[in-house]
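Enquirer: Please see the structure below; I have some questions.
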Amino acid sequence: MAEDYKVIEELTTEEAQTDPLYVPEPVDGASEHIRSFPAAAEFEEKLGYPGERPANWQEVALNKMDELRGKFRSFRLFLDICVKCGACTDKCHYYMGTADPNNMPVGRQDLLRSVYRRYFTLPGKWFPSLVGARDLTEEVLDEWYTYYFQCSECRRCSVFCPYGIDTAEITMAAREILDSVGYGMKYTNEIIGKVFDIGNNLGLPKPALQSTLEDLEEEIEEDTGVPVRLPLDEPADILLVTPSADFFAEPHIDGLIGYAKVFHATGAKWTLSSYASEAANFAMFIGSYENMRRIALRIRKAAIDLGVKRIIIGECGHAWRAAYQFLNTLAGPCDFLDPKYPVPQHICEYTWDAIQAGKQKFDKSQNDHIKLTYHDSCNVARASRMGDYPGGQFDIPRNIIKAVCNNFYEMPEGTTREATLCCGGGGGLLTDDIMEIRKKGGSPRMKALKQARDEYGVNKMAAICAICKSQFTKIMPDHGFAVDDIMSVHQLVSNAIILPGSEQEKELMEEQTEERADAAE
Amino acid sequence: MLTTVYALLYYVAFAVFAGGIAWRVYEYAKTPQPANIVTTPAPVTRAGVVWRMFKEVLFFESLWKSNKWIWIFAQLFHASLWLILVRHARYFIDPVPALVVLAQPFGKYAGLTFVLGALGLLARRMFVARVRYISAPSDYLMLLLFLGIGISGLSMTFVNPVDIVGVKAFFLGLMTFNWQPLPGSPALLIHLGLVALWMLIFPFSKLVHAPGVFFSPTRNMVDNPREKFRPVPWMPAVSEVSFDPPHGTRK
Ligand code: SF4
Ligand code: SF4
């Protein structure tokens, strides 16, 4: 870790450095200096927010709070019913990594709850200091900005709270309130603006997308001898919406190659869309239904325009949540699609179905150099499902992995499945402005990974989230791993799948003939 | 005089308690929950949700996963509270129902475990730095209130028995608007005073977690957002929206 990061004595001990669930004692203000850059006026306005902080900002913010508690039962209820039992206090990876008590889930909620109590509850109006209520001041607003952008909305806390209080809901509301007074975050809001203008987070216009896809087609053909297509804006049965990082970043792009090979092998008619060239929906991070809907509607329009029967989402955690829990609500009903298939589907569901159908050939030995573990991404784990039974979101990716890879190991219990630890970069925090919080928040996951390495010799980790993958390429090198030790699940599929008529198929057949000949001798 | 004060106090306390909770429940029920935000893995059927809530409300399933110490103290506290409430029904119902008679011997000792649970929770609040950090004065006072109720009650059960026939007559009298004198034992007056206070603050405090938990969308929703369309009530239907123009076509 860089030297100028704040060092917490307790977190430097041997135990703290090895136990993934190590819980430090609170240290006041330990991460108060970590602040992302606020958005410029232009980007606030593009999203429908004021560019400047209004003179009556307190009133505006409180009105917004009032509006939100009327619109969202989650927000109103969660502010009311927390009993301060403390069960969540040791569950947030940002708390574990920074020791800042405002990063304890209930501590984070209280930053806003204290103001809510002051203005919207009788005890807070009458006896503020008795119930920990406080006025909405400029300092409070700054504190909100700091700490609500140190939450990855991972929902780990909501699993452990006896009432299911989800701090992510409070964080989203807080960000919406901040935006309502022109105090948004540069990283998230610029990205949302790019989707509105161009169609994806990266700002790749159609020609750039087209040439990237053509390059990939060439690459696959060189590699396999098979002309696998990556169609763009073509009429098809399946619309694939994937995070735009898949077009460009490593190891994401290897996952995209994997999807293309699976579609090819199953003979699917599929397409990407340049208009809806983004599965990510950063408006979810800032709690804005209006902006979220604008992005979701792009998928609807693309699906209608291209005349598809089903929508499939690529590997991305929050995008899968945005699709699974929100697409129907914001851009549905999708009755123009084929009712035989769930709307939307996850690429892993598609691939697992294909594997189960038994028509695809895989050469698992292609992944034999890998000792793999799998990182459950927060939003997949705690805000979605795959398949038709609860927990399918854990099993299906693992089933795929086990079908294409011989060496698979789990990370320690308490750090996987519904209790999975965030990568540290989710929820709109994936910006280099706040690398310190990303690295500290990612440290519990890194410790769990290192345990798997020490115990089983694990050398690679797979994930199905674009943000996780990008985050891990940044933080894994600090922990003795290489940049490419994080992999896409469909990258493993891509390595192992034997396309009909491919070089790999020939090689495999030759090998088998040789083996048979050897055996005959 | 005393009887009048306590009688009026109980009418007010009951009205605030019942009215306040009803109002809270109404508020939660009428506030929409636009998207399905259930915390997964979650049941995919209504019956599954009922089972999940049952485990959550009676056995504190999430708390069990989360922290065994809090779970033990919270269970001691709440399970005892249930027994105590059942036992106390004998002061309001005549003749006393069989169930209440059955609970009597347990209910008597539940007072002790109740106090033990509250003490455990108080100790955590005071001695675990993380919990101390999130505690406001009201959080301590709430536990002290429970301790006060518990200890004054226990003192009547085990140390200084009061005229419980008189107490029962007082409450039955309140319910039939035919006031009967309240026995004047100090422990009883403290006990009843604190209980009335508890009823008065219930709807305005974190105590609303009791009805509130049933409305928690991360727990009470069926995991079916792909199957069931839930429109956002304050947004126009999808047939009435306009779409962003494709890139390069905007003027
Ligand atoms: S676990 Fe839930 S009720 Fe307990 S302190 Fe945390 S948010 Fe509040
Ligand atoms: S949602 Fe995740 S990041 Fe946010 S407070 Fe809860 S555990 Fe921490």
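Enquirer: What list of ³J(HN,Hα) values in whole Hz, one per residue of region A:375-385 in order, does the Karplus curve 6.51 cos²θ - 1.76 cosθ + 1.60 (θ = phi - 60°) give from phi, with Gly and Pro shown as x?
Expert: With coefficients 6.51, -1.76 and 1.60, one gets 9, 6, 7, 3, 5, 5, 5, 10, 9, 6, 8 Hz.
Enquirer: DSSP loop (so not H, G, I, E, B), at most 11 other Cβ within 10 Å: list which chymotrypsin sites (Phe, Trp or Tyr not before Pro) in region B:158-205 pass both filters. Before the final figure, lay out the partial values.
Expert: Working: sites: B:Phe158, B:Phe170, B:Phe171, B:Phe177, B:Trp179, B:Trp198, B:Phe204; in loops: B:Phe177, B:Trp179.
Within region B:158-205, the qualifying chymotrypsin sites (Phe, Trp or Tyr not before Pro) (loop, at most 11 other Cβ atoms within 10 Å) are B:Phe177.
Enquirer: In a Gaussian network model over chain B where Cα atoms closer than 10 Å are linked, find which of B:Val12, B:Val100, B:Val159 has the largest mean-square fluctuation.
Expert: B:Val159
Enquirer: Comparing the chain by itself with all protein chains present, which residues of region A:242-280 are at least 30 Å² less accessible (probe 1.4 Å)?
Expert: A:Tyr275
Enquirer: Then there's this: Counting protein heavy atoms only and a 1.4 angstrom probe, how many square angstrom of accessible surface do chains A and B bury in total, to the nearest 100? Show your work: numbers first, answer last.
Expert: Values: alone 20410 and 15840 Å², together 29770 Å².
Chains A and B together bury approximately 6500 Å².
Enquirer: Would you mind telling me the share, in percent, of accessible area of region A:21-184 contributed by carbon and sulfur at probe 1.4 angstrom? Working shown, then result.
Expert: Working: 2500 of 4790 Å².
That fraction is 52 percent.
Enquirer: Once phi is turned into θ = phi - 60°, what whole-Hz ³J(HN,Hα) does the Karplus curve with 6.51, -1.76 and 1.60 give for every residue of region B:207-220, x standing for Gly and Pro?
Expert: Ordered by residue, 3J(HN,Hα) equals 5, 5, 4, 5, x, x, 4, 5, 9, 5, x, 6, 10, 9 Hz.
Enquirer: Further question: Residue by residue through region A:20-32, which ³J(HN,Hα) values in whole Hz follow from phi under the Karplus form 6.51 cos²θ - 1.76 cosθ + 1.60 (θ = phi - 60°), with glycine and proline marked x?
Expert: x, 9, 4, 10, x, 6, x, 10, 3, x, 5, 10, 5
Enquirer: Alpha carbon centre of region A:237-258 versus region A:386-443: separation in Å?
Expert: Cα centroid to Cα centroid, the span is 18 Å.
Enquirer: With the solvent-accessible surface defined on protein heavy atoms using a 1.4 Å probe, which residues belonging to region A:106-148 display a reduction of at least 50 Å² in accessible area in the multichain context relative to the isolated chain?
Expert: A:Leu130
Enquirer: Based on the mean of other beta carbon atoms within 10 Å per residue, what is the order of A:162-169, A:478-485, A:8-15, A:366-373, most packed first?
Expert: Working: A:162-169: 28.8, A:478-485: 14.8, A:8-15: 12.2, A:366-373: 18.5.
Final packing ranking: A:162-169, A:366-373, A:478-485, A:8-15.
Enquirer: Now, a different point. Mind checking the per residue accessible area of chain B for me, 1.4 Å probe, whole number of Å²? Let's see the in-between values first.
Expert: Numbers: 12450 Å² over 251 residues.
That works out to 50 Å² per residue.
Enquirer: Using amide H atoms built in the peptide plane, which far-off residues or other-chain residues are under 5 Å from A:Asn201 H to H?
Expert: A:Ser244
Enquirer: Tell me, what is the per residue accessible area of region A:399-493 in Å², probe radius 1.4 Å? Please list the in-between numbers first.
Expert: On the way: 2600 Å² over 95 residues.
About 27 Å² of surface per residue is accessible.
Enquirer: Straight-line reach from A:Lys439: which lysines have Cα under 28 Å away, leaving out those fewer than 8 places along the same chain?
Expert: A:Lys6, A:Lys91, A:Lys186, A:Lys194, A:Lys371, A:Lys447, A:Lys450, A:Lys460, A:Lys469, A:Lys474, B:Lys65
Enquirer: Could you please tell me the mean projected area of the C-alpha convex hull for the protein assembly as shown, averaged over all directions and given in square nanometres to one decimal? Provide the component values of the computation, followed by the final result.
Expert: Details: hull surface 154.2 nm².
The Cα convex hull of the protein assembly as shown, projected and averaged over all directions, gives 38.6 nm².
Enquirer: Which cross-chain or sequence-distant (5 or more) residues have an amide H under 5 Å from the amide H of A:Ile498, H modelled 1.01 Å from N in plane?
Expert: Sorted by chain and number, the residues that satisfy this are A:Lys361, A:Phe362, A:Asp363.
Enquirer: Also, quick follow-up: Hey, what angle do you get for helix A:392-404 against the long axis of chain A, alpha-carbon based, 0 to 90 degrees rounded to 10?
Expert: Value to nearest ten degrees: 30.
Enquirer: Among B:Val162, B:Ala98, B:Ile149, whose Cα lies farthest out toward the positive end of the dipole of chain B, if unit charges sit on the beta carbon of Lys, Arg (+1) and Asp, Glu (-1)?
Expert: Of the options given, the answer is B:Ile149.
Enquirer: Per DSSP helix of 4 or more residues, -39500 (n - 2.57); summed, then divided by the residues of chain A. What does that give at 222 nm, rounded to the nearest 500?
Expert: Values: 24 runs with 255 residues, N = 521.
For chain A, the value works out to -14500 deg cm²/dmol.
Enquirer: Given a 1.4 angstrom probe, I'd like the percentage of the accessible area of region A:477-521 that is carbon and sulfur, rounded to a whole number. Working shown, then result.
Expert: Working: 1200 of 2530 Å².
Whole-percent figure for carbon plus sulfur exposure: 47.
Enquirer: On to the next question. In terms of Cα to Cα distance under 26 Å, which lysines are near enough to B:Lys228, apart from those fewer than 8 places away along the same chain?
Expert: A:Lys71, A:Lys301, A:Lys309, A:Lys340, B:Lys30, B:Lys55
Enquirer: When the dipole is taken about the Cα centre of region A:21-184, and only Lys, Arg (+1) and Asp, Glu (-1) are charged at their Cβ, what size is it in debye, to the nearest 20?
Expert: On the way: 19 positive and 24 negative charges, 143 e Å.
In total the dipole reaches around 680 debye.
Enquirer: What residues of region A:156-204 lose no less than 50 Å² of accessible area with every protein chain in place versus their chain by itself (probe 1.4 Å, heavy atoms only)?
Expert: A:Phe160, A:Pro162, A:Tyr163
Enquirer: Would you work out which of B:Met175, B:Ala237, B:Ala22 lies farthest towards the positive end of the dipole of chain B? Charges go on Cβ: Lys and Arg +1, Asp and Glu -1.
Expert: The residue sitting most towards the positive pole is B:Ala237.
Enquirer: Please give the average number of partner chain Cβ atoms lying within 10 Å of the Cβ of each residue in B:239-246, rounded to a whole number.
Expert: Values: counts 0, 0, 7, 2, 10, 10, 3, 11.
What the average comes to for B:239-246 is 5.
Enquirer: Now, a different point. Sort B:210-221, A:278-289 for me by packing, meaning the mean count of neighbouring Cβ atoms within 10 Å per residue, highest on top.
Expert: In descending order of packing, they fall as A:278-289, B:210-221.
Enquirer: Report, by chain and number, residues whose modeled amide H sits under 5 Å from the one on A:Trp270, excluding near sequence neighbours (fewer than 5 apart, same chain).
Expert: HN-HN under 5 Å from A:Trp270: A:Asp237, A:Ile238.
Enquirer: Among all the aspartates and glutamates, which ones have a C-alpha under 16 Å from A:Lys361's C-alpha, if same-chain residues fewer than 8 places away are not counted?
Expert: Within the straight-line limit of under 16 Å, A:Lys361 reaches these aspartates and glutamates: A:Asp353, A:Glu503, A:Glu505, A:Glu507, A:Glu510, A:Glu511.
Enquirer: By average Cβ neighbour count within 10 Å, what is the ranking of A:34-43, B:51-60 from highest down?
Expert: Numbers: A:34-43: 17.4, B:51-60: 15.5.
Highest to lowest by the protection proxy: A:34-43, B:51-60.
Enquirer: OK, next. If you roll a 1.4 Å probe over the heavy atoms of the protein chains, what accessible area per residue do you get for region A:21-184, in Å²?
Expert: Working: 4790 Å² over 164 residues.
On a per-residue basis, region A:21-184 sits at 29 Å².
Enquirer: If you line up the long axis of helix A:105-120 against the longest principal axis of chain A, both from Cα atoms, how many degrees apart are they, to the nearest 10?
Expert: The angle comes out near 40 degrees.
Enquirer: Diagonalise the Cα gyration tensor of region B:105-251 and give the resulting equivalent ellipsoid semi-axes, square root of 5 times each eigenvalue, largest first, whole Å.
Expert: Details: eigenvalues 532, 104, 43 Å².
For region B:105-251, the ellipsoid semi-axes come out as 52, 23, 15 Å.
Enquirer: Mind jotting down the distance between the C-alpha centroids of region A:55-129 and region B:223-251, whole Å?
Expert: With region B:223-251 and region A:55-129 each reduced to a Cα centre, they are spaced 30 Å.
Enquirer: Would you mind giving the mean number of other chain beta-carbons within 10 Å of the Cβ of each residue in A:68-77, as a whole number?
Expert: Working: counts 0, 2, 5, 7, 7, 12, 9, 2, 6, 13.
The per-residue average across the peptide is 6.
Enquirer: What is the helix-to-structure angle for B:2-30, meaning the angle in degrees between its Cα long axis and the longest Cα principal axis of chain B, kept from 0 to 90 and rounded to the nearest 10?
Expert: Rounded to the nearest ten degrees, it is 10.
Enquirer: Tell me, how many Å apart are the Cα centres for region B:186-216 and for region A:1-44?
Expert: 40
Enquirer: Right, something else. Which whole number gives the average, over all residues in B:26-38, of C-beta atoms from other chains lying within 10 Å of the residue C-beta? Don't skip to the end; give the middle numbers.
Expert: Values: counts 0, 6, 5, 1, 2, 9, 4, 7, 8, 13, 6, 13, 8.
Mean inter-chain Cβ contacts per residue within 10 Å come to 6.
Enquirer: Leaving ligands, DNA and RNA out of it, report the carbon-plus-sulfur percent of the accessible area of region A:281-349 at a 1.4 Å probe. Don't skip to the end; give the middle numbers.
Expert: Details: 870 of 1600 Å².
Its accessible area is 55 percent carbon and sulfur atoms.
The values are calculated or read from the model by the stated rules, or taken from the named source; none is laboratory data. Since we're looking at a predicted model, the values are computed, not measured. Cβ atoms come from the backbone with ideal geometry, glycine included; neighbour counts cover every protein chain shown. To get the accessible areas, we keep the full protein, side chains included, count just its heavy atoms, and leave off ligands, DNA and RNA. Shrake-Rupley method; radii C 1.70, N 1.55, O 1.52, S 1.80 Å.
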